[in-house]
Amino acid sequence: MKPPMDPIAAATHADPYPYYAQLVANQPLYHDSALGAWVASSADAVTAVLTSDLCGIRPVGEPVPAAISESSAAEIFRHLVRMTDGDGHGPLKEAVSAALASVGRDQVVRQSNTSARILLAGQGQRLELDRSQDFIFGLPVHVLGSLLGIPQDRLQQTALWMSDFVHCLAPASSPEQIKQGNVAASHLRDMFRGLLVDQPNQPDDSLLGVLVRETQRVGYEAVDLLIANSIGFLWQGYEATAGLIGNTLLTLATHTEVRDDVAADPSLLTHVIQEVLRYDAPIQNTRRFINCDGILAGQKMKTGDAILVVLAAANRDPAANPNPERFDMFRRDRQIFSFGAGVHACPGDALATAIARTGIEELLATGATLMQSHENVTYRPSANARIPLLSSVTGSSLQ
Ligand code: HEM
């Protein structure tokens, strides 16, 4: 098998891990002139970049990508906690994290059960490729959307809007994708504006209700900011959670011993998911931009330099996780870089793993087995998300 062309192509390569191992061993932080960016891959280099004051989440002077400026998508993008740095970030992160933490585990599991059953209903004996994709992408939107108060009959449409919205934010999106993404962004903004107007009639402890209260508590009242970060929950959870579900299903399909262990004791799925997060990360890389000249991890960097931060390679650094190529669900002191680190670390990790676990349990409870081999795995095109296109799922009782 040919190695990937570069660390971006690696995200969707059939087996990028030998290539990442070479980077970690020989070029833990180097400048890739073809990419026009630094590449950080070892656990130390990734940690140094993600925790450095020299780095920002957006290039200096470009808070919103030029391709979407002056659009509905831009109005969402500019207010996202994920895309904000400096004084505005800390309080907003506190509010967003408090809102996500307010959702109890039992509540997520209950909602994930309900949503998984709805999505699996009427599948017949065989869950074909496009329908299994509907399941893995639909589940996070249905669960998070329901927690936010989106009515059941609008969730399917919301998942379609989310798909268009995500495509328009990708670094290599086409003019057509940007156009469709903007239409989706307008619909999403209108829907959330309506939900906010109706908020006084909703339960106090709904995710949207808590987000409203928490943002007010830290001093923000702007409706646009609330709308953007509610959409941000759906956006952040969409591809990443789909990748976690897909990569876990793929692991069960291709590692017979893991599948047998889980069949004998379904509670082991929790350990399997933690190891999948390390072994085959759903989000393989993220980006940073140097916002003032300085030395970072021993390298001289200049304002405007871009850095590709290869989280999936750091997960496989033997200095962080010994024998990294071994899938070990009982790994001790596991270090996972897949949720990022530092001030922008993911506040949705517990929610994402609970949704993935419950959804997979529901799928397996239908008697489903996965038809897949290592050789024919392909991945949905992306610069950073690793989401397998599973060939099919068969089951004795999928109905
Ligand atoms: C398996 C699923 C998920 C993965 C692998 C994942 C991964 C990540 C990563 C790597 C970052 C940091 C990005 C960076 O520093 O450049 C991040 C940030 C974030 N994630 Fe997640 N995420 C997942 C699910 C979720 C879910 C379900 C939510 C919310 C419902 C969420 C909300 C957020 C938010 C709000 C941020 C921005 C935090 C900040 O910028 O301070 N994530 N996520």
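The values are calculated or read from the model by the stated rules, or taken from the named source; none is laboratory data. Keep in mind that this is a model prediction, so the values were computed, not measured. Cβ placement follows ideal geometry from the backbone for every residue including glycine, while neighbour counts extend to all protein chains displayed.
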| helices (runs of 4 or more DSSP H) within region 162-262 that include 1 or more residues aliphatic (A, V, I, L, M), more than 20 Å from the chain's Cα centre (by Cα) and closer than 30 Å to S391 by Cβ | 223-254
| said: Being charged (D, E, K, R) and free of Cβ contacts under 8 Å to residues at least 12 places away in the same chain is the requirement here; does D153 meet it? | reply: yes
| Count of residues meeting criterion [not in a loop (DSSP other than H, G, I, E, B) and not hydroxyl-bearing (S, T, Y)] in region 329-372 | 21
| task | May I ask you to list the residues in region 301-314 that are over 13 Å from L50 (Cβ atoms) and either surrounded by fewer than 21 Cβ atoms within 10 Å (Cβ to Cβ) or within 11 Å of the ligand (Cβ to nearest atom) (or both)? | result | K302, T303, G304, A306, A312
| said: Anything in region 94-115 that is within 12 Å of the ligand (Cβ to nearest atom) and either crowded, with 20+ Cβ neighbours inside 10 Å or among the acidic types (D, E) (or both)? List them, or say none. | reply: E94, A95, V96, A99, L100, V103, V108, S112
| task | Quick one: L296 ticks every box in (1) touching a helix residue (DSSP H, G or I) at 6+ places or on another chain (Cβ under 8 Å); (2) within 15 Å of the ligand (Cβ to nearest atom) except a single one, so which number is it? | result | (2)
| Has region 142-153 got any residue that is part of a loop (DSSP other than H, G, I, E, B) and buried (at least 16 other Cβ atoms within 10 Å of the Cβ)? | yes
| field | Test: G209 is within 11 Å of the ligand (Cβ to nearest atom) and touching a helix residue (DSSP H, G or I) at 6+ places or on another chain (Cβ under 8 Å) | value | no
| request: Read through the list (1) touching a Pro at 6+ places or on another chain (Cβ under 8 Å); (2) surrounded by 24 or more Cβ atoms within 10 Å (Cβ to Cβ), then give the number of the only condition that Y238 fails. | output: (2)
| request: Determine whether N285 is surrounded by 15 or more Cβ atoms within 10 Å (Cβ to Cβ), near the ligand (Cβ under 10 Å from one of its atoms) and over 24 Å from A11 (Cα atoms). | output: no
| query | Looking only at region 157-198, which residues are surrounded by fewer than 16 Cβ atoms within 10 Å (Cβ to Cβ), at pLDDT below 95 and not β-branched (V, I, T)? | reply | P171, A172, S174, P175, E176, K179, D198
| task | Return a yes/no flag: does region 266-280 have any residue that is more than 9 Å from the ligand (Cβ to nearest atom), of a type in the set (V, I, T) and either free of Cβ contacts under 8 Å to residues at least 12 places away in the same chain or more than 23 Å from P18 (Cα to Cα) (or both). | result | yes
| note | If you go through I336, I360, the only one that is within 11 Å of the ligand (Cβ to nearest atom), of a type in the set (V, I, T) and surrounded by 18 or more Cβ atoms within 10 Å (Cβ to Cβ) is I336
| field | Residue under evaluation A74, criteria (1) in a helix (DSSP H, G or I); (2) within 26 Å of N247 (Cα to Cα), criterion not met | value | (2)
| remark: Checked V49, V24 against criteria (within 23 Å of V310 (Cβ to Cβ), buried (at least 19 other Cβ atoms within 10 Å of the Cβ), touching a residue at least 24 places away in the same chain (Cβ under 8 Å) and within 20 Å of the chain's Cα centre (by Cα)); the one match is V49
